[in-house]
Each structure stands twice: as structure tokens, then as C-alpha cells.
Amino acid sequence: MTYQELINRGKDLLASITSQSTSTLKFRQQLEDYVFKEDFKDEVPAWLTCVSALKGVDCGNFGVGSIIMDDHGNLAALGYNQIFYPYFRSDGHAEMIAMEAFEKENRDIIDMSNYSIYTSLESCPMCMTRLIVSGIRNIIHVADDDYGGMVHLAEKLPPVWLELIVSQKFEPAQCSPELKKAAAEIFSTTREERDALLFKRRGA
């Protein structure tokens with residue numbers, strides 16, 4: 001799969017977004033008009049995670065997206081946050097959804113050392129431990145998450161997890177500052193909107 005095919009997949013996802021909220025329309029236009037920067041090797045995968053994140057928002061979920069790719073650049077799985085839609089599931093984080101899709105379609109694969117996962121937001125503790133267990137070689141996040149992310153706190157993991165993590169590489173994506181900002185804002189904006197909605201429903 002070429003980068004152009006990944007871009008086409010992203011364009012199709014953007015075309016499927018129907019939300020008319022001001023923030024979603026703004027991010028959709030920004031991603032549709034985005035000009036890729038050739039100096040950054042993770043530009044296209046990083047962009048596709050942002051597109052996936054926005055699709056999650058379109059469905060009423062938090063704005064986090066994730067993709068899995070093999071060493072040949074083929075898209076192996078795509079996921080976006082699905083905590084609230086199509087039904088409530090507490091484990092419905094983007095990485096979890098992508099891993100679930102991959103494992104369902106590749107039941108004979110038990111070695112993920114030839115795969116990489118890209119996520120629009122630094123993985124939380126739950127997702128990070130799932131990815132450690134998977135053995136996937138590269139875990140690459142677009143936006144840092146100082147509030148809920150676990151990657152920057154990896155040294156605080158229990159010893160058994162630190163032993164497992166030795167063969168893996170957790171790192172920030174090499175992409176433009178614009179994409180990093182978009183990934184962070186797609187999450188923070190939708191988190192604020194979702195929190196406000198829950199606050200209202202609880203009658204607070």
C-alpha cells in the first residue's frame with residue numbers, strides 16, 4: 001500500500017463525516033486541506049490517525065484515532081475511540097479497537113514484531129499495557145498527553161512490564177507541529193464537549 005492509498009482512505013473517512021458542529025467542521029476542513037511535509041517520515045500515518053480521531057468524534061466519542069501498519073507500509077487495522085457509540089464500552093479506546101480488529105482478522109499471527117501502531121494521542125496505562133503484551137514493535141503517538149498518558153511515565157511501570165518493554169519502542173511521531181496540534185486539539189475539544197454533556201445530563 002502506498003502513502004497515496006493511505007491518503008485516499010483518509011479522504012473517504014473525511015467524506016463520511018456528517019456532524020455539523022463548528023469544531024468538527026473546522027477540523028475536517030483543516031485535515032482535508034492539509035499539505036503534507038516531506039521532511040517528516042510519519043506525516044501520512046500521523047494524519048490518518050487524526051482523521052480517524054475525527055471520525056470517532058463524528059460518532060459521538062472522544063477524539064482519538066489509531067492505525068496499525070506492517071513493515072511494508074500496508075494498513076493492517078484502523079480504530080477510533082468507541083467508548084460511547086455504538087454502545088457504551090469502558091475499554092473502547094482507539095488502540096483497543098485497532099488491536100481488536102487486527103487480532104480478529106489475523107488469528108494466526110502471534111508475533112507482531114513486524115508491525116507498528118500509530119495513535120493520535122499518547123497511550124493511557126490501560127492501552128500501554130495491552131500494547132506491551134501484544135509485542136508490537138513500534139508504538140508511535142502524535143500528541144503528548146501529560147495528564148492521562150503513560151508513555152512518559154514508563155519508568156514507573158512494575159518490573160515485569162519493564163522487562164517486557166525492552167524489545168519495543170515507544171516514541172513521538174516524526175510529523176509536523178501542525179499535526180501534533182491538531183491531534184491534541186481534536187481530543188481536548190471533544191473531551192470538553194463530552195464532559196459538559198455528561199455534566200448536564202447528571203443535572204449538576
* Normalized C-alpha radius of gyration of region 65-204, against 2.2 N^0.38 Å? -> 1.09
* **Two-site label geometry, Tyr147 and Ser16: point separation in nm, points 7 Å out along Cα→Cβ** => 2.9 nm
* Per-pair calculated FRET efficiency, R0 = 25 Å: Glu178 and Val133 via Cβ, rounded to 0.05 -> 0.15
* Theoretical gain in end-to-end length, Ser90 to Lys26 [0.36 nm per residue, Cα-Cα removed] -> 20.2 nm
* Let me know the number of lysine pairs in the chain closer than 21 Å at the Cα, not counting same-chain pairs under 8 apart. => 19
* Over the chain, give the accessible area per residue in Å² for a 1.4 Å probe, as an integer. => 51 Å²
* Burial ranking of peptide ranges 150-160, 17-27, 122-132 (average Cβ count within 10 Å, highest at the top) -> 122-132, 17-27, 150-160
* To do: Provide the FRET efficiency to the nearest 0.05 for the Leu162-Phe36 pair, computing r from the beta carbons and using R0 = 30 Å.
  => 0.25
* First measure r as the distance between the Cβ atoms of Arg107 and Asn74, then evaluate 1/(1 + (r/R0)^6) with R0 = 22 Å and state the FRET efficiency to the nearest 0.05. => 0.80
* To do: Show me 36-42, 58-64 ranked by packing, highest mean number of other Cβ atoms within 10 Å first.
  => 58-64, 36-42
* Structure fact -> Note: Gln4 to Asn114 extended length (0.36 nm per residue) minus current alpha-carbon separation gives 37.4 nm
* For region 1-159, with all protein chains present and a 1.4 Å probe, just round the carbon and sulfur fraction of the accessible area to a whole percent. => 52 percent
* Can you list the equivalent-ellipsoid semi-axes of region 10-139, largest first and in whole Å, using the square root of 5 times each Cα gyration tensor eigenvalue? -> 24, 19, 12
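The values are calculated or read from the model by the stated rules, or taken from the named source; none is laboratory data. Keep in mind that this is a model prediction, so the values were computed, not measured. Please note: Cβ atoms are built from the backbone with ideal geometry, for glycine as well, and neighbour counts cover all protein chains shown. Accessible surface areas use protein heavy atoms only, side chains included; no ligands, DNA or RNA. Shrake-Rupley method; radii C 1.70, N 1.55, O 1.52, S 1.80 Å.
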